[in-house]
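Only one structure is covered here, and it is reproduced in the block below.
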Amino acid sequence: MFNKEVILASNSPRRKELLTNLKIPFKVIVKDDLDESLPDDIKTEDAARFLAKKKASFYNDVIQQKNTILITADTIVLNDDKILGKPSGYKEAFDMLRSLSGKAHKVITGVAITSQEKQTAFDSITKVYFKDLTNNEIDHYIKHFKPFDKAGAYGIQEWIGMIGITKIEGSYFNVVGLPVQKLYSELIKF
């Protein structure tokens, strides 16, 4: 279906699995130590799309190859207008999950699709509702699932999502890490 080589610039096993399930052949190229800092004046809801575009800028050598499409993405959890990134350890993960307990938050994934000729970027927003989580549930989840590579310290597809998420508004796959329906549509247009 695609006459270009698709490159996924992500180490996320969840993104790799979702793109594989779309049946789009792709390669993974990952560069370490990318600058993921944000400007001080950026609106929090624009951060994920900004970071996806910024990541693409580090792959100029890949983009310069003919017939190549680069996909970059970044997922953030937005809680009370505060960005929750990946927790640095147990305490930060616990505090993040405690702050999400009993209320709704937004998960925003920004995606950039870039080629030699052009770039398009978009984001997908999903509202996620958590029940009141007990300290024991949070502790159990962190100790058994070690969610230190996940924005907001949780994976919707894991135990905490099964027992704790009461409702979502928007794309489930967006919360996993890649809004595949929207990505598919944008790739077709691209």
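Overview of results
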quantity: Distance between segment 91-111 and segment 115-187 - C-alpha centres, whole angstrom; calculated: 10 Å
quantity: Label-point separation, Q181 to K91 (7 Å along Cα→Cβ), nm; calculated: 4.2 nm
quantity: D139/Y172 FRET efficiency (R0 25 Å; Cβ-Cβ; nearest 0.05); calculated: 0.45
quantity: Pairs beyond 19 Å (Cα-Cα), from K91/K150; K82/K167; K103/K127; K43/K118; K16/K66; K146/K182; calculated: K82/K167; K43/K118; K16/K66; K146/K182
quantity: Gyration tensor (alpha-carbon) shape descriptor, segment 138-182, a/c threshold 1.5; calculated: oblate
quantity: Over the chain: helical MRE at 222 nm, DSSP H runs n ≥ 4 each giving -39500 (n - 2.57), nearest 500; calculated: -9500 deg cm²/dmol
quantity: Charge dipole of segment 5-189 about the Cα centre (unit charges at C-beta), most positive-ward option of Q64, H105, L187; calculated: L187
quantity: Residues of type aspartates and glutamates that K23 reaches as a straight line, Cα spacing below 16 Å, ignoring anything fewer than 8 places off in the same chain; calculated: E5, E186
quantity: Mean Cβ neighbour count within 10 Å, used as a protection proxy, ranking 95-102, 82-89, 40-47, 174-181 highest first; calculated: 174-181, 95-102, 82-89, 40-47
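Laboratory data are not the source of any read-out in this text; all were calculated from the coordinates shown. These figures come from a predicted structure and were not determined experimentally. In this analysis, Cβ positions are derived from the backbone assuming ideal geometry, glycine residues included, and neighbour counts consider all displayed protein chains.
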